[in-house]
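Below you'll find the structure, written out as structure tokens, and then a few comments.
The values are calculated or read from the model by the stated rules, or taken from the named source; none is laboratory data. Bear in mind that the values here come from a model prediction, so they are computed numbers and not experimental data. Please note: Cβ atoms are built from the backbone with ideal geometry, for glycine as well, and neighbour counts cover all protein chains shown.
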Amino acid sequence: MLTPYMVVFALPTNVISEIKVNCVICQHISKTDETAEHYVFETEHWLLRHANETDIEGYLILEPRRHMLDFADANEDELATYGTVIASAMKAIKKVVAPVRIYTFTLAESCPHLHVHLIPRSADFPEAWRARGIMSYPLSPVVNPARMLELCASFRSELQRQLPVA
């Protein structure tokens, strides 16, 4: 079932057993009290959060609840729901921050847990950081904390509108 993320969620037993102690994303998932305000959407298999590593407004990161390196490790249920979740996330980005483009990619190199970057590019985005240049975008400063809360609320609202809870 698709639901908007509303601050606190319970981790299913099978997810807790697969949390890797040294994995930053697994630590985020298990420490919801520290990161909950940035999560904007969840499903049984996926979590969507606003990035807090840069100042790009609307930069979302899609993470599987279960530790995996890449899509080859995903099960049928995870793969079956991925398309709906990523499409909804991209529609929400278009609605909330109105970018010209949305870059999507996954590396899982410095953090070996699958996560998909969804990075909106505005019309005034500096040329040096467009296309492959996005990989050199500075990690600081970050989005203003008050603005981050506003953005997260807007994303929750838009995703609720797209995928209302039954």
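Of the residues screened, V85 is not one that is aliphatic (A, V, I, L, M), touching a helix residue (DSSP H, G or I) at 6+ places or on another chain (Cβ under 9 Å) and either farther than 16 Å from H28 by Cβ or at pLDDT 95 or above (or both). Filtered by the rule that a residue be surrounded by fewer than 21 Cβ atoms within 10 Å (Cβ to Cβ), β-branched (V, I, T) and within 18 Å of E78 (Cβ to Cβ), region 102-120 gives T104, T106. Of all residues in region 65-101, those being on the phi > 0 side of the Ramachandran plot and crowded, with 17+ Cβ neighbours inside 10 Å number 0. So, E158, is that one surrounded by 18 or more Cβ atoms within 10 Å (Cβ to Cβ), outside any loop (DSSP other than H, G, I, E, B), in contact with a His (Cβ under 6 Å, 6 or more places away or on another chain) and modelled with pLDDT of 95 or more or not? Spelling it out, it is not the case that E158 is surrounded by 18 or more Cβ atoms within 10 Å (Cβ to Cβ), outside any loop (DSSP other than H, G, I, E, B), in contact with a His (Cβ under 6 Å, 6 or more places away or on another chain) and modelled with pLDDT of 95 or more. Of all the listed residues (P141, P99, P120), the sole one being at pLDDT 95 or above and part of a loop (DSSP other than H, G, I, E, B) is P99.
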